[in-house]
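Peer 1: The structure's right below; bear with me while I get my questions together.
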Amino acid sequence: MSSYEAKNLAEKEQLDLVKISPKAKPPVCKLMNYGKFKYEQSKKKQEARKKQRENKVDIKGMRLGLNIGEHDLNFKAKKVRGFLKDGDKVKVSIRLRGREMNHSKDAVDTMKQFAEMLSDVAEIESRPRQHGYLVIMVLTPKK
């Protein structure tokens, strides 16, 4: 139909005439309530953002010391256990300073001991590796 007839029809039904593809020959238009359409689109976008936030996995961090005591290690393991139960990944790191750099093997052993303490709720995503003065390991929740 002609654009004049389409405008009259839209006014008659109290709707908006919206061009779907204006570059087509002839242009394709649609009768709709444009305000309602925009509102529904914003609601869909809001829902998508909400679902994206729910599915997002956070990476929490826990820093240990090379000469950490048994009680402190248990306390930090308890805290990490909570993170893992919430569904978050945990990046465990040990910072080596000064002469501690010569004992990086001890840091890896501490990391392995820490991972074994949490073996019932966690699995190792990336094993302990040394990156400069840091020894880093990533734990993920068991499925």
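The values are calculated or read from the model by the stated rules, or taken from the named source; none is laboratory data. Here the structure is a predicted model, which means the values were calculated and not measured. When we count neighbours, we look across all protein chains shown, and the Cβ atoms used for this are built from the backbone with ideal geometry, even at glycine.
Peer 1: How about the range 77-102: which of its residues are surrounded by 12 or more Cβ atoms within 10 Å (Cβ to Cβ), under 21 Å from L134 (Cα atoms) and at pLDDT below 90?
Peer 2: Residues satisfying the conditions are E100, M101.
Peer 1: Quick one: is M32 under 30 Å from L9 (Cα atoms), surrounded by 13 or more Cβ atoms within 10 Å (Cβ to Cβ) and not aromatic (F, W, Y)?
Peer 2: Yes; evaluated as a whole, the condition is true for this residue.
Peer 1: Right, here's the next one. Does L73 qualify as being over 18 Å from the mean Cα position of the chain (by Cα), part of a helix (DSSP H, G or I), surrounded by 14 or more Cβ atoms within 10 Å (Cβ to Cβ) and assigned by TED's automatic domain parsing to the domain that holds D120?
Peer 2: For L73, the condition - over 18 Å from the mean Cα position of the chain (by Cα), part of a helix (DSSP H, G or I), surrounded by 14 or more Cβ atoms within 10 Å (Cβ to Cβ) and assigned by TED's automatic domain parsing to the domain that holds D120 - is met.
Peer 1: Could you check P141 against (1) in contact with a Gly (Cβ under 8 Å, 6 or more places away or on another chain); (2) modelled with pLDDT under 90 and say which number it fails?
Peer 2: The number of the failed condition is (2).
Yes/no matrix, rows are residues, columns are (1) in contact with a strand residue (DSSP E or B) (Cβ under 6 Å, 6 or more places away or on another chain); (2) over 18 Å from N74 (Cα atoms); (3) of a type in the set (V, I, T):
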{"position": "S93", "(1), (2), (3)": "yes, no, no"}
{"position": "E100", "(1), (2), (3)": "no, yes, no"}
{"position": "D106", "(1), (2), (3)": "no, no, no"}
{"position": "D109", "(1), (2), (3)": "no, no, no"}
{"position": "E116", "(1), (2), (3)": "no, no, no"}
{"position": "S119", "(1), (2), (3)": "no, no, no"}
{"position": "R127", "(1), (2), (3)": "no, yes, no"}
{"position": "M137", "(1), (2), (3)": "yes, no, no"}
{"position": "K142", "(1), (2), (3)": "yes, yes, no"}
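Peer 1: Still on this structure: Can you confirm whether L66 is under 30 Å from F114 (Cα atoms) and touching a His at 6+ places or on another chain (Cβ under 7 Å)? Don't jump to the end; show me each part of the working.
Peer 2: Numbers: under 30 Å from F114 (Cα atoms): yes; touching a His at 6+ places or on another chain (Cβ under 7 Å): yes.
Against the criterion (under 30 Å from F114 (Cα atoms) and touching a His at 6+ places or on another chain (Cβ under 7 Å)), L66 qualifies.
Peer 1: In the range 103-120, what count of residues is obtained for those that are surrounded by 15 or more Cβ atoms within 10 Å (Cβ to Cβ) and outside any helix (DSSP H, G or I)?
Peer 2: Looking only at that region, the number is 1.
Peer 1: Looking only at the range 84-143, count how many residues are polar (S, T, N, Q), touching a residue at least 40 places away in the same chain (Cβ under 8 Å) and either in contact with a His (Cβ under 9 Å, 6 or more places away or on another chain) or closer than 30 Å to E54 by Cα (or both). Please lay out each step first, then the result.
Peer 2: Start the filter on the range 84-143 by keeping residues that are polar (S, T, N, Q), which leaves 93, 102, 104, 110, 113, 119, 126, 130, 140.
From the residues that got through so far, the ones that are touching a residue at least 40 places away in the same chain (Cβ under 8 Å) too are 93, 110, 113, 140.
Filter again for either in contact with a His (Cβ under 9 Å, 6 or more places away or on another chain) or closer than 30 Å to E54 by Cα (or both), leaving 93, 140.
Result for the range 84-143: 2.
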